[in-house]
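Chemist: Below is a structure I'd like to ask you about.
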Amino acid sequence: MKLKVIVHEAEEGGYWAEIPSIPGCATQDETFDELLSNIYEAVEGCLSVDIRNIEVTEKDKVLEVAV
């Protein structure tokens, strides 16, 4: 899976990044190299969120896929 990441320079120093295809998924750090590491952790964390307020009937199927 490939995701576009937008990296911003923070006004107070350092960097922050957002992943537009995953709403609310963002991270920050002091150096660009540290930010790159954080991006992977942020995406993994955002994608591992289990949404519990979904109605599932007996006709529905719940799948778990690896990407």
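Chemist: Roughly how many Å² is the accessible area per residue of the chain, as a whole number, for a 1.4 Å probe? Working shown, then result.
Modeler: Numbers: 6100 Å² over 67 residues.
Computed with neighbouring chains in place, this is 91 Å² per residue.
Chemist: How large a share of the accessible area of the chain, in percent, is made up of carbon and sulfur atoms when the probe is 1.4 Å and the other protein chains stay in place?
Modeler: 51 percent
Chemist: Is the chain rounded, prolate or oblate when judged by the Cα gyration tensor, a ≥ b ≥ c being the square roots of its eigenvalues, rounded requiring a/c under 1.5 and prolate requiring a/b larger than b/c? Before the final figure, lay out each step's value.
Modeler: Details: a/c = 3.45, a/b = 2.74, b/c = 1.26.
Judged from the Cα gyration tensor, the chain comes out prolate (a/c at least 1.5, a/b above b/c).
Chemist: In degrees from 0 to 90, rounded to the nearest 10, what is the angle of the helix 32-47 Cα long axis to the longest principal axis of the chain?
Modeler: 10 degrees
Chemist: Among Glu55, Glu12, Glu30, whose mean-square fluctuation peaks in a Gaussian network model of the chain (Cα, cutoff 10 Å)?
Modeler: Glu55
Chemist: Continuing with this model, one more query. Where Lys and Arg each count +1 and Asp and Glu each count -1, what net charge lies around Val62 among other residues with Cβ under 13 Å from its Cβ? Walk me through the intermediate numbers first.
Modeler: Working: positive: Arg52, Lys59, Lys61; negative: Asp50, Glu55, Glu58, Asp60, Glu64.
Net local charge, Val62 excluded: -2.
Chemist: On a 1.4 Å probe surface of the protein chains, which of Tyr15, Tyr40 comes out largest in accessible area, and what is the full order?
Modeler: Tyr40, Tyr15
Chemist: Please find, in a Gaussian network model of the chain (springs between Cα atoms separated by less than 10 Å), the residue of Ile39, Ile22, Ile54 whose mean-square fluctuation is greatest.
Modeler: Ile54
The values are calculated or read from the model by the stated rules, or taken from the named source; none is laboratory data. Treat the numbers as computed from the prediction; the structure is a model and nothing was measured. Please note: Cβ atoms are built from the backbone with ideal geometry, for glycine as well, and neighbour counts cover all protein chains shown. Please note that ligands, DNA and RNA were not included when accessible areas were found on the heavy atoms of the full protein model with its side chains. Shrake-Rupley method; radii C 1.70, N 1.55, O 1.52, S 1.80 Å.
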